[in-house]
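Nothing in this text is a laboratory measurement; each read-out follows from the coordinates by a stated rule. Quick caveat: nothing in here was measured; it's all calculated off a predicted structure. As a convention, Cβ positions derive from the backbone with ideal geometry for all residues, glycine included, and neighbour counts pool all protein chains shown.
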Amino acid sequence: MIVFAQLSDTHLDTGDERAGRAARVMEHLNGLRVDTVLVTGDIADHGEPAEYEQARKVLESPHPVLMCPGNHDVRAPYREVLLDEPPGDGPINRVHRVAGALFAMCDSTVPGKDHGFLGDETIGWLDRQLAGDPEAPAFVCFHHPPVTQGIPYVDGIRQFGEERLAEVIGRHPQVKAVLCGHNHTAAVTTFAGRPLLVAPGVVSTLRLPWQGGDIADYDAPPGLAFHLLDDDGRLTTHYRTV
């Protein structure tokens, strides 16, 4: 059995309020028995080095923390501060193996834009990672959802070119789910015949079009997801606020 947590959209800005919300989530998780913690993008609000320095402290955990960038992140300082690598502008794709599962953390960002797209380099990398370990249950993770969800604001800046991703996932039956953020609200749907699970936001919660009011609710408590893959291969997701 594998149990892992997912949070998204911390939008850290070096201030205390957003850092406090993220710290609440991490303090909760750090006291639990989970195999790993995923952070699916928009870690920083402006992509500034100081924001990533704050993220290093706030997201510190005894659990492995696996991350991928979102549209508010900037690749060069992300690499330099969070990954201790030389700054560079290429996509930030990383694969991790935890508790017998493969987590492909993909870069769906388009530098300077809000929408998402998996470039050819990323698509090829993902296909190779999945082909190289066909027996391990796999989770494909990135920031931007590759489908519309009835929310015009985020549907306009979702991940495009999704048919290429669907082809890759279709070739690899061990992919258990696709995990993303970006919405600032929990959502569940399907993509390429697999569950598509969207994490709620830490910094805020998106109001749905039929709820009225401002787009974002900054008073709602931070949210997170817990994903459980049992020994029979069944995946269950629980959403919580803290």
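Which of Thr109, Thr205, Thr236 has the fewest other C-beta atoms within 10 Å, and how do the rest follow up to the most?
The fewest-first ordering by Cβ neighbours comes to Thr236, Thr205, Thr109.
When the chain is treated as a GNM, springs tying every alpha-carbon pair under 10 Å, which of His115, His143, His46 comes out with the largest mean-square fluctuation?
Ranking His115, His143, His46 by mean-square fluctuation puts His46 first.
Output the direction-averaged projected area (hull surface divided by four) of the convex hull of the alpha-carbon atoms of the range 2-241, in nm².
Orientation-averaged projected area of the Cα hull: 12.0 nm².
log₁₀ I(q)/I(0) of the range 1-145 at q = 0.10, 0.18 Å⁻¹, via Debye over equal Cα point scatterers, no solvent, to two decimals?
Result of the Debye calculation: -0.33, -1.06.
Pull out the extension gain between Thr148 and Leu235, defined as 0.36 nm times the separation in residues minus the alpha carbon to alpha carbon distance; nm, one decimal.
29.0 nm
Can you list which of the GluC sites (Glu not before Pro) found in the range 134-175 are DSSP loop residues with at most 11 other C-beta atoms within 10 Å?
Glu135
Debye sum, Cα scatterers, the range 55-130, no solvent: what log₁₀ I/I(0) at q = 0.11, 0.12, 0.22 1/Å?
Scattering profile of the range 55-130, log10 relative to I(0): -0.30, -0.36, -1.13.
For a Förster distance of 35 Å, can you work out the FRET efficiency between the beta-carbons of Asp155 and Glu17, rounded to the nearest 0.05?
Working: r = 28 Å, r/R0 = 0.81.
So, using R0 = 35 Å, E works out to roughly 0.80.
Would you mind ranking Leu12, Leu165 by Cβ crowding within 10 Å, fewest neighbours first? Before the final figure, lay out the partial values.
Values: Leu12 27, Leu165 24.
Taking fewest neighbouring Cβ atoms as first place, the list is Leu165, Leu12.
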